[in-house]
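Reading through the structure tokens given below for one structure.
Readers should treat all values here as calculations from the given coordinates under stated rules, not as data from a laboratory. Please read all numbers here as calculations on a predicted model, not as lab measurements. For neighbour counting, all protein chains shown are included, and Cβ atoms are generated from backbone atoms with ideal geometry for every residue, glycine included.
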Amino acid sequence: MGHGHDHSHDHSHDTAAGGDLPEALDLSVPASELSPSDASRRRFLLGAGLLGAGAAASVLAHPGAAEAAGLPHTHGHAAGGTGKGGFRWLAGDHHIHTQYSSDAQYRVLDQAQKGHAYGLDWLVITDHGSATHAKIGVDKVNPDIVKTRAELPELLTFQGLEWNIPAAEHATVFVHPGRHEVEVLKQFENAYDGSLLPSTNTNAQNEALAIAGIKFLGEQVRKRKIDGALFFANHPARRGIDSPHEIRNWRDADPTVAVGFEGAPGHQAAGIPAPNGRGGARGYYDNNPSAASFPGYPLESYRTWGGFDWMTATVGGLWDSLLAEGKAWWITVNSDSHVNYLDQTERGPGSDFNANGKYNDPVYNGSINTQAGDFWPGYYGRTNVGASSFSYKAVIDGLRAGRVWVDHGRLIKGLDARVRVSGDRRPSTGTPLGGVLQVKRGTATELVLDIDLQDVPNWAGFVPSLKRVDVIVGTVTGPVADKDAYTTPNTKVVKSFDVTKTGGRITFSHPLGRLDKPFYLRVRGTDGSRTQPGLLGVGVDPYGPQLDVVGAADPWGDLWFYTNPIWVLPR
């Protein structure tokens, strides 16, 4: 599960992280060798379905809170990021296309330079998997990526691809740079890309191949071919074909590789109303159910909500149903940049993508593109990763650990969320995003939230204003009997804070009570422009995001941030 260490400290709580499991969680240690307290702890976790085969081992064994007691010595290139809460927060984007995608046009360097200029510290180049790409794309783009790494050392540029998941939608797959990055990606694409599979395959065969592909990536890491590989499902609710059981199966195939999905899709500029924009749907979420769609999903799932995917935006919905199982599953945002709003270039003349696997370099055409649906990387959405240093490994580790918060339109400047034992006032103490706090039953805990409010204009030219912060809490109930479940009954908004300040830092604390059952929490915030009761009712989410209406969905007039969860479990 990684190569971290188990940390414990006083105040009768400990934080497990990395791969060295506490003995209670390590099922290879016989029960007879455990201390009475560890034996009791293991019995509880087994009884709750939170340990053992198919259970939420990664939440317990890889909570990603190794740095909770203080930041380790940093190393790597001294560039990028902002320090907060003992971490270096690195903004990034894991879903970007170039001239090596059949529906895009920019050079790798174009995307990287713009992304860095708009404030990104890391990004992933993810050209589409396809028959043409599988033949020449992965090899051909790599020299451009290597050159970009040399020209922009202050930007971490990963190579990946957009996987056509067999039987489902798309996903970002990317690996740690190294001697075998091209070899592994090429082998993966040729063996597992959905566009290359026999049309006679059954759905079950394709779903099994998706699982095998994720396992293949994990095997390459364990064989030391690559130093890390990650999978994020892209635009998961867009067409209704990522069923709940598939999402669970991807994650369970290898929780060190399959770690999350896009909480909000790219293509946000598609919602800019006419005549200034294309007047479409944010994220191109303008679909309806098809024969391939999961029949249980409601019609509302085919639209975004405040720019976010329905799976994430619905309190008590699909994302929460995974978290309530104890499954580590994280959200991100990105650009999905193909062709960008207000750009003045087009594909180079004489391009032959089918023959060459790429378009010729873009050329200036003198006309402003108001119909493009994308923003440049970093222009609108950010995935902010709490890293231990400026390095490729630190970004992968931070993403895998769930030390991530996301925002649109630079709604806030910075955020630090921690859960700690009530009354523990030591600086930077507590368990950060993605982490697991383990305390004795009856111990009182609290959420402490520091937010640096925005004080500089975003790339649209205005200073966003945070108006409300919501704390969302759910009970951890263990694995579900029905893998196609997409709601959970005990998750709701438990506290809302109104924000009246317009600059500086705000600090909130919220008491979480004395632990009697395992739970998780997550946080979101909004500029307050467009809200409505959540899909599961006013008692669950009184002021949630509004359903985005096609043609009237200005992305700049409706800004949100979301954090990933923190769990609190009994010892």
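What is the Cα centroid distance between the range 319-394 and the range 248-265, reported in whole angstrom?
With the range 319-394 and the range 248-265 each reduced to a Cα centre, they are spaced 19 Å.
How would you order 154-165, 478-489, 544-555, 246-257 from highest to lowest mean count of nearby Cβ atoms within 10 Å?
Per-residue Cβ counts within 10 Å, averaged per peptide and sorted highest first, yield 154-165, 246-257, 544-555, 478-489.
Give the lysines reachable from Lys440 as a straight Cα distance under 18 Å; neighbours fewer than 8 places away on the same chain don't count.
Of all the lysines, those that pass the test against Lys440 - Cα under 18 Å, at least 8 places apart if same chain - are Lys517.
Where Lys and Arg each count +1 and Asp and Glu each count -1, what net charge lies around Phe390 among other residues with Cβ under 10 Å from its Cβ?
Neighbour charge sum, excluding Phe390 itself: -1.
For each pair in Lys114/Lys501; Lys135/Lys393; Lys114/Lys358, compute the distance between the two Cα atoms and list the pairs where it is over 27 Å.
Lys114/Lys501; Lys135/Lys393, as the Cα separations exceed 27 Å there.
To the nearest 20 debye, what charge dipole does the chain have about its Cα centre, counting +1 at the Cβ of each Lys and Arg and -1 at the Cβ of each Asp and Glu?
For the chain, the charge dipole is close to 1080 debye.
If you look at just the Cα atoms of the range 411-570, how large are its Rg and its Dmax in Å?
So, for the range 411-570, Rg and Dmax equal 17.0, 52 Å respectively.
For P(r) over Cα pairs in 10 Å bins from 0, in percent, which listed value, (i) 4, 17, 27, 25, 17, 8, 2, 0; (ii) 3, 14, 21, 23, 19, 12, 5, 1, 0; (iii) 4, 19, 31, 28, 14, 4, 1, 0, comes from the coordinates shown?
Here the calculated entry is (iii).
How about the range 396-464: which chymotrypsin sites (Phe, Trp or Tyr not before Pro) there are in a DSSP loop, with at most 16 other Cβ atoms within 10 Å of their Cβ?
Trp459, Phe462
Which entries in Lys84/Lys495; Lys327/Lys483; Lys186/Lys483; Lys327/Lys495; Lys140/Lys186 show an alpha-carbon gap greater than 20 Å?
Table pairs above 20 Å Cα-Cα are Lys84/Lys495; Lys186/Lys483; Lys327/Lys495.
Treating cross-link reach as a plain straight distance, find the aspartates and glutamates whose alpha-carbon is under 16 Å from the alpha-carbon of Lys223, omitting any fewer than eight places away in the same chain.
Within the straight-line limit of under 16 Å, Lys223 reaches these aspartates and glutamates: Glu181, Glu183, Asp254.
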